[in-house]
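Asker: So that we are looking at the same thing, I have put the structure below in structure tokens.
Every number in this text was worked out from the coordinates using simple rules, so none of it is lab data. All figures in this text were calculated on a predicted structure; none of them were measured in a lab. Positions of Cβ are generated from backbone atoms using ideal geometry, with glycine treated the same way; all protein chains shown enter the neighbour counts.
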Amino acid sequence: DQQVKQNSPSLSVQEGRISILNCDYTNSMFDYFLWYKKYPAEGPTFLISISSIKDKNEDGRFTVFLNKSAKHLSLHIVPSQPGDSAVYFCAASDTSGTYKYIFGTGTRLKVLA
Amino acid sequence: DGGITQSPKYLFRKEGQNVTLSCEQNLNHDAMYWYRQDPGQGLRLIYYSQIVNDFQKGDIAEGYSVSREKKESFPLTVTSAQKNPTAFYLCASSSSSNQPQHFGDGTRLSIL
């Protein structure tokens, strides 16, 4: 059973517009959430995180929103740039337990110039 | 520069052979992880270690083995018991459970 789901395998957005990537989770014990960006043949790069005590965290063009009641988080990229084209993974962790993260299957974002 | 180094970047294995993937970090992180990525799929956890001389199985540990004799090093052995070893393998480390994991650039393993 997949505890972290990214239901959109791909997304295309025009340069300058907003990109919204979504992630759903099922385990109510998850209290720390992250987004990673990955280029082909490279390791994922950490983008932004949020703990369950917050509902929003912002870092430059990237904002993560957390809706605990819906068990849903989203990553907003504004404005989108061609260099943002990559695969984006969300991940979740129960920090009271192990150091284990559960990753989603990823969403491939393509920003069109 | 601090970071995680995985070697080699590409690795080929003959059927029936064991092969070991290297992962070294100089970030002074306690925890280290091994993931496998297959095309179109997310990252699946193979093994993780929260402290030296201790490690736990992840979701897909069968056919793999690890050791954690030093804080800096967490090698992964893909044994002949792993029936489908062709994949992209990623190593990561973190300082605690509520800090991001940092990843190496991966090793692509292929079967000859």
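Asker: Any idea what the dipole of the protein assembly as shown comes to, in debye rounded to 20, about its Cα centre with Lys/Arg Cβ at +1 and Asp/Glu Cβ at -1?
Answerer: For the protein assembly as shown, the charge dipole is close to 420 debye.
Asker: Aspartates and glutamates within cross-link reach of A:LYS71: Cα-Cα under 15 Å, excluding same-chain residues under 8 positions apart?
Answerer: Qualifying aspartates and glutamates at Cα under 15 Å: A:ASP24, A:ASP31, A:ASP55, A:ASP94.
Asker: A further question on this structure: As a quick test, which of the pairs A:LYS5/A:LYS68; A:LYS100/B:LYS70; A:LYS5/A:LYS56; A:LYS100/B:LYS83 have an alpha carbon distance above 23 angstrom in this structure?
Answerer: Violating the 23 Å limit, Cα to Cα: A:LYS100/B:LYS83.
Asker: Tell me, what HN-Hα J-couplings in whole Hz come from the Karplus equation 6.51 cos²θ - 1.76 cosθ + 1.60 at θ = phi - 60° for each residue of the range A:22-34, using x for Gly and Pro?
Answerer: So the Karplus estimates, Gly and Pro as x, are 10, 8, 10, 9, 10, 8, 6, 7, 5, 9, 9, 10, 9 Hz.
Asker: Tell me the net charge near B:ASP38. Cut-off is 12 Å between Cβ atoms, B:ASP38 excluded, with +1 for each Lys or Arg and -1 for each Asp or Glu.
Answerer: Summing Lys and Arg as +1 and Asp and Glu as -1 gives +3.
Asker: Working from the pairwise distances between different alpha carbons, so that the mean of 1/r is found and then inverted, what is the protein assembly as shown's Kirkwood radius in Å?
Answerer: Computed over Cα pairs of the protein assembly as shown, the Kirkwood hydrodynamic radius comes out at 18.0 Å.
Asker: Name the residue, out of B:LEU76, B:LEU21, B:LEU43, whose mean-square fluctuation peaks in a Gaussian network model built on chain B with Cα pairs under 10 Å.
Answerer: Comparing B:LEU76, B:LEU21, B:LEU43 in a Gaussian network model of chain B, the most mobile one is B:LEU43.
Asker: Quick one: Cα centre-to-centre distance for the range A:37-113 and the range B:23-88, in angstrom?
Answerer: Comparing the Cα centres of the range A:37-113 and the range B:23-88, I get a distance of 23 Å.
Asker: Then there's this: Within 10 Å of each Cβ of B:35-44, how many other protein chain Cβ atoms are there on average?
Answerer: 5
Asker: In the range A:28-111, if the dipole is taken from +1 on Lys/Arg beta carbons and -1 on Asp/Glu beta carbons about the Cα centre, which of A:GLY106, A:LEU34, A:ILE48 is farthest to the positive end?
Answerer: A:GLY106
Asker: Follow-up question, since we're still on this one. Using +1 at the Cβ of each Lys and Arg and -1 at the Cβ of each Asp and Glu in the range B:1-71, identify which of B:LEU11, B:TYR48, B:SER67 lies farthest towards the dipole's positive end.
Answerer: B:LEU11
Asker: Among the GluC sites (Glu not before Pro) within the range B:60-112, which fall in a DSSP loop and have no more than 13 other Cβ atoms within 10 Å of their own Cβ?
Answerer: Those satisfying the criteria are B:GLU62, B:GLU69.
Asker: Mind grabbing the base-10 log of I(q)/I(0) for chain B at q = 0.11, 0.12, 0.19 Å⁻¹? Debye formula, identical points on the C-alpha positions, no solvent, two decimal places.
Answerer: Log10 of I(q)/I(0), two decimals: -0.31, -0.36, -0.93.
Asker: Debye sum, Cα scatterers, the range B:53-112, no solvent: what log₁₀ I/I(0) at q = 0.13, 0.17, 0.29 1/Å?
Answerer: Treating every Cα as an identical point scatterer, log10 I(q)/I(0) equals -0.40, -0.69, -1.43.
Asker: Which percent of the Cα-Cα distances in chain A go past 22 Å?
Answerer: 27 percent
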